[in-house]
Amino acid sequence: MTAEDVKALARETGFDLCGIAPAESFPELKFLDDWLERGYGGEMRYLSRTARRRSDVRQVVSSARSVISLGTVYNTDRPYSTEVNDPDAALISRYAWGEDYHEVVGRRTEALLERLRAAVDEPFDARCYVDTGPVQERVHAQHAGLGWIGKNTCLIHPEKGSWLFLSEIITSLPLEPDAPQLDQCGTCTLCIEACPTDAIREPWVLDATRCLSYLTIEIRGAMPEAQRPAVGTRVYGCDICQEVCPYNASPARSDDPAWQPTTDLDQARLSDLWRRSDENLAALLERSAMSRAKLTGLRRNVAVALGNGATLAAAAAIAEPESPDTPSRSEPMVAEHVDWARRRLAARTTHSGDDTGDDKAD
Ligand code: SF4
Ligand code: SF4
């Protein structure tokens, strides 16, 4: 089995990119400790728990010789969030619009491994990961030649852009490695300038505790009040630092049905999301990559977004009496955000004296 054979099988299995990195402890893998020491990981304690394993894939598969790094384009034909000028639009990271990539890419990565096992006579060790394993997959992807890690910390392919799901097979197979991709950010700083919360503290260094993706996805309890206004109408994740990247000006698009926006999430409305029953929202989360936020996390985010969107539709939705099929709205953590949103809406409406019927409340 040669590296070229692996890449041919990866293409046949549906991957857009495939490269091979040696299973080594690259210097970049060591930055994680320093980053965690600075407190930039916030509540993501699983990162500290797995830091040692993340420093070398041989801690995960002791016989590892190669990392087969795989890329899947998920970008679809929809406007960027920075082009959406509608305060009732529920902004959701584009990676979460379709099916849950953990499931779909996971199945495809396992399918590729099955094909490798069928093609190689001798038994070999291998383990597949999609995002959730103790693996710093962007570092391995860069060393496998799939792209470079941009100043926004995303992996960027020079032609396809950065809307990529990454997965990998860590294996004992000795495969010819690819040359690492070189940095092509140059003097550009667009992502750093565009970040609404200054979360990119310096090139390649992201303070997750300031990042809107962290605030809307990773934290389980209350969102710090001072940070709520910056969330705007984002209810799951943030794509701004990728949207402004010149390498995403005309990126690759996928026509894979798995990544097309589902009816539920295609240009979703905040007021509509808010009115959905818990049962309906739970089912929606179950099918998508948004399940990480949990039902109460999503309710919390929608409440904050309604307060920030400040439309009359938002004010009407959040003023409605509680209904028996939306008990999550009364969870103490969520209820506190609902109160915050109501106060914010009331203050903005009072301030503007807006009772004109204009759709924007301030
Ligand atoms: S995802 Fe959004 S908040 Fe986070 S670093 Fe990028 S632009 Fe900033
Ligand atoms: S916006 Fe510029 S600096 Fe940021 S990742 Fe893209 S090319 Fe690099």
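The values are calculated or read from the model by the stated rules, or taken from the named source; none is laboratory data. Everything numeric here is computed off the predicted structure, so don't read it as measured data. Here the Cβ is made from the backbone with ideal geometry for all residues, glycine too, and neighbour counts use every protein chain on show.
Residue-wise test of (1) surrounded by fewer than 18 Cβ atoms within 10 Å (Cβ to Cβ); (2) polar (S, T, N, Q); (3) not in a loop (DSSP other than H, G, I, E, B).
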site	(1), (2), (3)
70	no, no, yes
79	yes, no, no
82	yes, yes, yes
99	no, no, no
109	no, yes, yes
112	no, no, yes
116	no, no, yes
121	yes, no, no
131	yes, no, no
How many residues are more than 16 Å from ligand 2 (Cβ to nearest atom) and not aliphatic (A, V, I, L, M) when one looks only at the stretch 144-188? 11
Can you spot a residue in the stretch 189-198 that is surrounded by fewer than 18 Cβ atoms within 10 Å (Cβ to Cβ), farther than 17 Å from residue 91 by Cα and more than 16 Å from ligand 2 (Cβ to nearest atom)? no
What is the residue count in the stretch 71-80 for residues that are in contact with a helix residue (DSSP H, G or I) (Cβ under 9 Å, 6 or more places away or on another chain) and at pLDDT below 95? 1
Residue pairs qualifying under the 6 Å Cβ cut-off, at least six apart or on distinct chains, with the first in the stretch 192-208 being of a type in the set (Val, Ile, Thr) and the second being more than 6 Å from ligand 1 (Cβ to nearest atom), are 197/210; 197/230; 200/192
Selection status of residue 173, aliphatic (A, V, I, L, M) and either within 15 Å of ligand 1 (Cβ to nearest atom) or outside any loop (DSSP other than H, G, I, E, B) (or both): no
Please go through the stretch 216-265 and give me each residue that is of a type outside the set (D, E, K, R), closer than 14 Å to residue 77 by Cα and either within 15 Å of ligand 1 (Cβ to nearest atom) or in a helix (DSSP H, G or I) (or both), ordered by number. 248, 257, 258, 259
Residue in the stretch 217-230 that is in contact (Cβ under 8 Å) with a residue 12 or more places away in the chain, under 16 Å from the mean Cα position of the chain (by Cα) and within 16 Å of ligand 2 (Cβ to nearest atom) present: no
Criterion first (away from ligand 2 (no atom under 16 Å from the Cβ), under 19 Å from the mean Cα position of the chain (by Cα) and modelled with pLDDT of 95 or more) does residue 265 satisfy it? no
Could you tell me which of the residues 37, 28, 43, 24 is closer than 30 Å to residue 306 by Cα and in the same structural domain as residue 130 (by TED's automatic domain parsing)? 43
Look through the stretch 176-215, keep the residues that are more than 11 Å from ligand 1 (Cβ to nearest atom) and among the small types (Gly, Ala, Ser), and return whichever of them is nearest to the chain's Cα centre (by Cα). 186
Specify the residue that is surrounded by the fewest Cβ atoms within 10 Å (Cβ to Cβ); the eligible residues are those in the stretch 152-169 that are of a type outside the set (Gly, Ala, Ser) and more than 16 Å from ligand 1 (Cβ to nearest atom). 159
Out of curiosity, is residue 59 farther than 29 Å from residue 258 by Cα and in contact with a Pro (Cβ under 9 Å, 6 or more places away or on another chain)? yes
Is there any pair with a first residue in the stretch 131-157 that is under 12 Å from residue 26 (Cβ atoms) and among the charged types (D, E, K, R) and a second that is modelled with pLDDT of 95 or more and within 16 Å of ligand 1 (Cβ to nearest atom) whose Cβ atoms are under 7 Å apart and which are 6 or more apart or on different chains, and what are they? 138/149; 138/155
Look through the stretch 200-215, keep the residues that are outside any helix (DSSP H, G or I) and in contact with a Lys or Arg (Cβ under 6 Å, 6 or more places away or on another chain), and return whichever of them is farthest from residue 41 (Cα to Cα). 203
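Would you point out which residue out of 103, 114, 99 is out of contact with any strand residue (DSSP E or B) (no Cβ under 9 Å at 6 or more places or on another chain), free of Cβ contacts under 8 Å to residues at least 60 places away in the same chain and within 21 Å of residue 253 (Cα to Cα)?
Answer to the check: 103.
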